[in-house]
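The values are calculated or read from the model by the stated rules, or taken from the named source; none is laboratory data. A quick note: this is a predicted structure, and the numbers were derived from the prediction, not measured. Reconstructed Cβ throughout: ideal geometry from the backbone, glycine too, with neighbour counts over all protein chains shown.
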Amino acid sequence: MPIGQARGKIILPCGTGKTRISLRIVEELTAPGELSVVLCPSIALVAQIRREYLVNRDVPIRALAVCSDQTAGYDPKKEGELYTILPILSFEVTPILAAFRGCAN
C-alpha cells in the first residue's frame, strides 16, 4: 500500500477499547513528524480521542481528529452569521492535511 493511503475501520461494542486500538495503530503507522487524520462521527468522540491520545500515547504523535457530523456546531438561530461556518467539514484528506501541515503537537 502506498505511503499515506492506509485506511481502516474498527467495529466493536462500547467500552472494548476502540480508542486505544486506534491510538496504537496511529503510533505504528505515523512516521515521526507526519500527521494522522482520525475521522469521528461525533464531537464527543473527538474530545475522547484527544483526551485518550494525550494521556496514553507511548511516543510523540501528531493526530488530527475531525468530526464528520455535518450538524455539529450548527445553530439555526444564527443562520447566515459568519461564525456559523467555523466547523469546517471535509471528507477529502488532502485539504485537511494542507491546512494543518504546520500545526504543533
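Values as computed for the structure displayed
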quantity	calculated
The range 49-66, residues that are touching a helix residue (DSSP H, G or I) at 6+ places or on another chain (Cβ under 7 Å) and surrounded by 13 or more Cβ atoms within 10 Å (Cβ to Cβ)	ILE49, GLU52, TYR53, ARG57, ILE61, ALA63, LEU64, ALA65, VAL66
Pairs where the first residue, in the range 16-43, is in contact (Cβ under 8 Å) with a residue 24 or more places away in the chain and the second is assigned to a helix (DSSP H, G or I) and of a type in the set (Ser, Thr, Tyr), C-beta under 6 Å, 6+ apart	LEU23/TYR53
Residues that are in contact with a helix residue (DSSP H, G or I) (Cβ under 8 Å, 6 or more places away or on another chain), among the hydrophobic types (A, V, I, L, M, F, W, C) and modelled with pLDDT of 90 or more, drawn from the range 19-48	LEU23
Criterion violated by THR71 - all others in (1) surrounded by 15 or more Cβ atoms within 10 Å (Cβ to Cβ); (2) modelled with pLDDT under 85; (3) of a type outside the set (A, V, I, L, M) satisfied	(1)
